[in-house]
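The values are calculated or read from the model by the stated rules, or taken from the named source; none is laboratory data. Keep in mind the model is a prediction, meaning the values are calculated, not measured. Because the Cβ atoms are built from the backbone with ideal geometry, glycine has one as well, and the counts that use them run over all protein chains shown. Heavy atoms of the whole protein, side chains included, go into the accessibility calculation; ligands, DNA and RNA do not. Shrake-Rupley method; radii C 1.70, N 1.55, O 1.52, S 1.80 Å.
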Amino acid sequence: MKNLDKNEYFFGHKACAGCGGALAVRIALKTLGERAVAVLPAGCMSAVGFNFPQLAFANNAIISTFAGTASMLTGIVSGLRARGETGFTAVGFAGDGGTADIGIQALSGAIDRNDDILYICYDNEAYMNTGVQKSSLTPFGARTTTTPAGDRIRGNIREKKRMFEIVAAHGISYAATASVGYLRDYVEKIRKAAAVRGAKYIHVLAPCPTGWGTGADETVELAAEAVDCGLFPLREFSDGKFRVTIRRTPNAGAIRAHLARQGRFRHLTEEDIEHVISLTAARSNHL
Amino acid sequence: MSGREFLSGNDAFAIGVCLARPRVISAYPITPQTVVVERLSEMAENGSLDVDFIHVESEHSALSCAIGASAAGVRTFTATSSQGLLYMAECLPYASGGRFPIVMMNANRSIALPWNIYGDQSDSLSQLASGWIQAYAQDAQEALDLALMSFYIAEHPKVSTPYMVNLDGFHLTHTYEVVDIPDDSLADEFLPPYRTDAGIDFNAPKNMAFSAGPGHNAAFKYRQHAAMLRVRDVVTEAEARFAGIFGRRYSGLTEAYMTGDADYIIVTLGAVSGLCRDAADALRARGVKAGVLRIRYMRPFPGDEIARELRGAKAAAVLEKDISVGNAGAVFTETAGVTDTPLSNYIGGLGGEDIAEADILEIFDDLRAGRGGVRFLGIKERIDEESR
Ligand SMILES: Cc1ncc(C[n+]2csc(CCOP(=O)(O)OP(=O)(O)O)c2C)c(N)n1
Ligand code: SF4
Ligand SMILES: [Mg+2]
């Protein structure tokens, strides 16, 4: 971490205090340096960063359509190459909704073409910018404004979409999961990705205090805890092989404690929590 | 390249694009545009065009990708039609609002439902408000020439606005005629490489395509509108330059045919114009003062030209291949806003329906008989009876 760029590239924005997404963007840009060209689709990070005349990026940065992160990255790489530019990184920062829902087609296309782009999904597990609606990366049980917790249904009834595996199934050059709770690991993965030519994908867990019902000072701790209790494994995919980068055995007590801290899970019954624990164990065995 | 060849509208257009030397093309296939992307892919493959051709997975990505390339400051082209144009619709105002001077060919085609692959103008005319310059070619030669001129106009520093060239599906895209192909070096003289300082810049980084709240939004839109209005003068400049180099002359936003003393005028656009002129000739031979006003550009809208040409006529009709359901054809609605001449509207050619010279003569008959309203060619019932 010490040899990160001293310069800041994302500041003066309007993100909430303790925003995990803003941290993920900031650290990635410090890792990539001034020749990063950032593409951000509709979502919290573009909403807080690009309010004319308050523009928060010190490097070249552009908003894409909600679905268009990957395709715009492709165009930028192609255009800059045609202009004779080398030694830059076209990097996308899209939310979980912008990635796993509306932008999945463009992302799949870019990976399929093996375009030389780095796509970072900052996963805060819901559509935060529009007021905490469910996305396909919202975890089982979470209360959102479109999966309210009542007597009949207790929040989101579906598991998180397996986005990392979907990306890997394309035979992508490099993919990884990361967490803003393990910044050193995140930075390491960004560096590795930037050194690979072709399509790269990093999926970083980025807690949102506003949507999760947690304190502004808990973000990094929560992101680390999600890894430590086994809920969010840190993995890599390269050369056609999967690897776990930080191995943690699921721990029922730690999962319970982790869920209990978050407003979005407060309504869960004992049965729901057991379900989360068994899902986590099953997925961990699979790894 | 150069010389005279027997070419379809699509082939001619592809040659025009090749002469313009775009650096990035991103496109997705759809009938009747496919020939253009196939030809350009061949040119990229055989090295006659030095371009990165990106075969994207959808039209939304085609234009999103083109916006990215244009943001990098290079000449960019895409092509689509119909369902594809609507699928990329979100990106249309995005490209124009960001002032990215992308050129797109649109092969005019009907819009589902009902499904139909044949030509009408419902697709592009539904996107008049999208902020793109819109031109309509009438033949393969004009298609090729517009391919070259479109880049000049779109990229002009006074304009910096994306440009959609429309070719009537099948009637123009798939019809063969003899076309003059400009010499490469003359094409280069007409259209120098695109240079801009508005693009991504590592020495002076930019935040692009940002948000602008209520306090700033109107100012951006006003500037965009003003740039579009400047297109009229830049078209004049481009056409004078074009005539100087290639010897072929064009007439600005409209093309008038015997309208000066005409009592009855048909206003139309695209490939059907030739037929309208033939009908006008036939009527002139019988002593009827008929004329035709061809709209070459729908954006910017040639309101002044239309008002001037229709002034003094007893009646005029707009013949167009679209219907804004529940009102009238879009071209009629806009034309009615700029003229006091009694104006009626004929909706024809929907879904590739043939328009015959007899249909045009009937329109002139209706004008002379003082019939007005909105009518569908080939449909006998009157709308007011149907809707009862
Ligand atoms: C085509 C389109 N549909 C819907 C929206 C509205 N919209 C903007 S941001 C957003 C949610 C973004 O969620 P996510 O991608 O997870 O990013 P986050 O806001 O959580 O950071 C939605 C639904 C839009 N801008 N464009
Ligand atoms: S709502 Fe959440 S994701 Fe959005 S800016 Fe605030 S903390 Fe960040
Ligand atoms: Mg989100």
Going by what's in this entry, would A:T249 be described as closer than 18 Å to A:E159 by Cα, away from ligand 1 (no atom under 16 Å from the Cβ) and open to solvent by 10 Å² or more (accessible area, probe 1.4 Å)?
no
Right, A:L231: open to solvent by less than 50 Å² (accessible area, probe 1.4 Å) and not basic (K, R) or not?
no
For segment B:258-282, how many residues are in contact with a helix residue (DSSP H, G or I) (Cβ under 7 Å, 6 or more places away or on another chain) and crowded, with 21+ Cβ neighbours inside 10 Å?
9
Kindly indicate whether any position in segment B:117-125 is among the hydroxyl-bearing types (S, T, Y) and within 14 Å of chain A (Cβ to nearest Cβ).
no
Output the residues belonging to segment A:47-66 that are away from ligand 2 (no atom under 16 Å from the Cβ) and either open to solvent by less than 20 Å² (accessible area, probe 1.4 Å) or part of a helix (DSSP H, G or I) (or both).
A:N59, A:N60, A:A61, A:I62, A:S64, A:T65
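A quick yes/no check of all residues on (1) without any contact (Cβ under 8 Å) to a residue 40 or more places away in the chain; (2) in a loop (DSSP other than H, G, I, E, B):
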site	(1), (2)
B:L319	no, no
B:A328	no, yes
B:T333	yes, no
B:V338	yes, yes
B:S344	yes, no
B:I355	no, yes
B:I360	no, no
B:I363	no, no
B:D366	no, no
Being open to solvent by less than 50 Å² (accessible area, probe 1.4 Å) and either without any contact (Cβ under 8 Å) to a residue 12 or more places away in the chain or assigned to a helix (DSSP H, G or I) (or both) is the filter here, so list the residues in segment A:255-272 that pass it.
A:I255, A:H258, A:L259, A:G263, A:R264, A:F265, A:D272
Which numbered condition A:A90 misses (of (1) buried (at least 22 other Cβ atoms within 10 Å of the Cβ); (2) within 16 Å of ligand 3 (Cβ to nearest atom))
(2)
Looking at (1) open to solvent by 10 Å² or more (accessible area, probe 1.4 Å); (2) within 16 Å of ligand 2 (Cβ to nearest atom); (3) out of contact with any Pro (no Cβ under 9 Å at 6 or more places or on another chain), which is the only condition A:L4 fails?
(2)
Among the residues of segment A:135-150, the number that are open to solvent by 40 Å² or more (accessible area, probe 1.4 Å), closer than 21 Å to A:A42 by Cβ and more than 15 Å from ligand 2 (Cβ to nearest atom) is 1
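Listed here are the residues, each with its yes/no results for (1) assigned to a helix (DSSP H, G or I); (2) within 16 Å of ligand 3 (Cβ to nearest atom); (3) at pLDDT below 95.
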| site | (1), (2), (3) |
| --- | --- |
| A:D5 | no, no, yes |
| A:E8 | no, no, no |
| A:G18 | no, yes, no |
| A:G21 | yes, yes, no |
| A:A24 | yes, yes, no |
| A:T31 | yes, no, no |
| A:V39 | no, no, no |
| A:M45 | yes, yes, no |
Positions within segment B:75-97 being of a type in the set (A, V, I, L, M, F, W, C), open to solvent by 10 Å² or more (accessible area, probe 1.4 Å) and more than 20 Å from B:S211 (Cα to Cα), in sequence order
B:L86
Lone unmet requirement of (1) of a type in the set (S, T, N, Q); (2) more than 8 Å from chain B (Cβ to nearest Cβ); (3) under 30 Å from B:P193 (Cβ atoms); (4) outside any loop (DSSP other than H, G, I, E, B) for A:T86
(4)
Hand me the list of helices (runs of 4 or more DSSP H) wholly inside segment A:138-254 holding 1 or more residues that are aliphatic (A, V, I, L, M).
A:163-168, A:183-195, A:219-228
Looking at A:E125 and the list (1) within 12 Å of ligand 3 (Cβ to nearest atom); (2) within 14 Å of chain B (Cβ to nearest Cβ); (3) under 28 Å from A:K192 (Cα atoms), which single condition is not satisfied?
(2)
Among the residues of segment B:310-323, which ones are open to solvent by less than 30 Å² (accessible area, probe 1.4 Å) and out of contact with any helix residue (DSSP H, G or I) (no Cβ under 6 Å at 6 or more places or on another chain)?
B:L310, B:A313, B:L319, B:K321
By residue number, the members of segment A:26-53 that are more than 10 Å from ligand 1 (Cβ to nearest atom) and more than 10 Å from chain B (Cβ to nearest Cβ) are A:R26, A:I27, A:A28, A:L29, A:K30, A:T31, A:L32, A:G33
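Listed here are the residues, each with its yes/no results for (1) surrounded by 15 or more Cβ atoms within 10 Å (Cβ to Cβ); (2) not basic (K, R).
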residue	(1), (2)
B:S185	no, yes
B:D188	no, yes
B:P193	no, yes
B:A218	no, yes
B:D233	no, yes
B:R241	yes, no
B:I245	yes, yes
If we scan segment B:39-52, do we find a residue that is away from every other protein chain (no Cβ under 14 Å) and aliphatic (A, V, I, L, M)?
yes
Filter result (within 16 Å of ligand 1 (Cβ to nearest atom), among the aliphatic types (A, V, I, L, M) and touching a Ser or Thr at 6+ places or on another chain (Cβ under 8 Å)) within segment A:112-157:
A:A126, A:M128, A:V132, A:L137
Answer yes or no as to whether A:A199 is among the small types (G, A, S) and open to solvent by 20 Å² or more (accessible area, probe 1.4 Å).
no
Hits in segment A:96-131 - residues which are in a strand (DSSP E or B) and within 16 Å of ligand 2 (Cβ to nearest atom):
A:I120, A:C121, A:Y122, A:D123, A:Y127
Checklist (1) within 10 Å of chain A (Cβ to nearest Cβ); (2) at positive phi applied to B:S82, failing item
(1)
Report yes if A:G103 is more than 16 Å from ligand 3 (Cβ to nearest atom) and among the small types (G, A, S), otherwise no.
no
